1. Looking at (1) open to solvent by less than 100 Å² (accessible area, probe 1.4 Å); (2) of a type outside the set (Phe, Trp, Tyr); (3) closer than 29 Å to residue 172 by Cβ, find the lone condition where residue 293 falls short.
2. Could you check, for the range 127-149, whether at least one of its residues is farther than 18 Å from residue 320 by Cβ and part of a helix (DSSP H, G or I)?
3. Would you check if there is a residue in the range 214-230 being closer than 26 Å to residue 27 by Cα, open to solvent by less than 20 Å² (accessible area, probe 1.4 Å), among the polar types (S, T, N, Q) and assigned by TED's automatic domain parsing to the domain that holds residue 110?
4. Would you please name the residue that is farthest from the ligand (Cβ to nearest atom), looking only at residues in the range 308-340 that are open to solvent by less than 40 Å² (accessible area, probe 1.4 Å) and closer than 17 Å to residue 253 by Cβ?
5. If you scan the range 123-140, which residues turn out to be over 15 Å from the mean Cα position of the chain (by Cα) and within 16 Å of the ligand (Cβ to nearest atom)?
6. Given the criterion assigned to a loop (DSSP other than H, G, I, E, B) and over 15 Å from the mean Cα position of the chain (by Cα), identify the matching residue among 282, 297.
7. With the structure loaded, tell me whether residue 256 is within 12 Å of the ligand (Cβ to nearest atom), under 19 Å from the mean Cα position of the chain (by Cα) and either touching a residue at least 40 places away in the same chain (Cβ under 8 Å) or crowded, with 21+ Cβ neighbours inside 10 Å (or both) or whether it fails that test.
8. Spot the failing condition for residue 140; the list is (1) open to solvent by less than 20 Å² (accessible area, probe 1.4 Å); (2) assigned by TED's automatic domain parsing to the domain that holds residue 310, and only one is missed.
Amino acid sequence: MTIYPKLIRDALATVRYPGTGKNIVEAGMLEDNIRIEGNKVSFSLIFEKPTDPFMKSVIKAAETAILTYVGPDVDIVGNISVKTIQQARPEVGKLLPQVKNIIAVSSGKGGVGKSTVAANLAVALVKLGYKVGLLDADIFGPSMPKMFQVEDARPYAEMIDGRDMIIPIEKYGIKLLSIGFFVNPEQATLWRGGMASNALKQLIGDAAWGELDYFLIDLPPGTSDIHLTIVQTLAVTGAVVVSTPQAVALADARKGINMFTNDKVGVPILGLVENMAWFTPAELPQNRYYIFGKEGAKRLAEEMHVPLLGQIPIVQSICESGDEGKPVALDEDTMTGRAFIRLAEELVRQTDKRNAEQAPTRIVQTHK
Ligand code: ADP
């Protein structure tokens, strides 16, 4: 009998975690480390806490599911190890040893300007003097190659310290990799979750990102396997959530915030960005038209106790410059360029604040 990882995964998908009622694969409790040697199968299950009351019963159920589903000869009993969330998430130092801050840029809904904000934030952070990397992980609509006018670029690999490493493209001082360099967007929807996650892990772990102050990850909209992969692979410093002030976008942004902050994921929200906050026509610069409603994201930020990083108006040049591959933040002298620089400054402030809160408290000794 040949045992495949998929068989094990399918068997485990029949086991429910009583705490949430979700199956343990869907709940992200199966670590991606299934080992099969002959008929011996081992892997780890990830629990939130070492004191999880369901741990024993879930392990027992997992063993039974494999013996029933795959076959009675599988050597599994006693081979399931347990990790808690903290152990399962490697330290930043392990995977990207020279990266100081990893920022996930996300949105509840597509089309709210998440990629536009990520691209312009990256440019603005470079303007502020930081070393910046940008990973376009939006598998269903990778837009960074277009926004940076590098659609024809083909990243190459180079042997570094005995390992084949992907060399990121460099544009406007940003190190850039996009899943779009590797996938034909028309085929993206055919990718099974696992394939996309593995490709992303490679773009993170097997690329020569080098020393970075900020590593921005442009996530797909909504919540998906990709989100889980990112938070399980990397110690994300925090998330930026982009929304328009429109009610339907806000409802999804709220879900996005809850996903990041829930106990299992535990990624802090650095702030909310209100994009398309109002429209100002070029010929009437004083007028603001609140097309998608007024200050909806601002109110959501207050209600959910997360910072509002900034409000970006709807301006034709933001859209056009995105299409031309020259993000508006490249020009600090424009109103829109300045808006993104201010947004980046606020992101830096919130990140520093978060890092200071997490730093071990210094014990100050007083001498009499
Ligand atoms: P998402 O990544 O959320 O799907 P995009 O960043 O691709 O959204 O933006 C969707 C469209 O809206 C793009 O054509 C983009 O140029 C445009 N856009 C985004 N933000 C603005 C803005 N503030 N003003 C004008 N157009 C914008």
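1. The single condition residue 293 does not satisfy is (3).
2. yes
3. Checking the range 214-230: at least one residue is closer than 26 Å to residue 27 by Cα, open to solvent by less than 20 Å² (accessible area, probe 1.4 Å), among the polar types (S, T, N, Q) and assigned by TED's automatic domain parsing to the domain that holds residue 110.
4. Filtering first and then ranking leaves 309.
5. Hits for the range 123-140 are 123, 124.
6. It is 282.
7. yes
8. (1)
The values are calculated or read from the model by the stated rules, or taken from the named source; none is laboratory data. Because the structure is predicted, anything quoted here is derived from the model rather than measured. Note that each Cβ is placed from the backbone with ideal geometry, even for glycine, and that neighbours are counted across all protein chains shown. We work out accessible area using only protein heavy atoms, side chains counted, and drop any ligands, DNA or RNA first. Shrake-Rupley method; radii C 1.70, N 1.55, O 1.52, S 1.80 Å.
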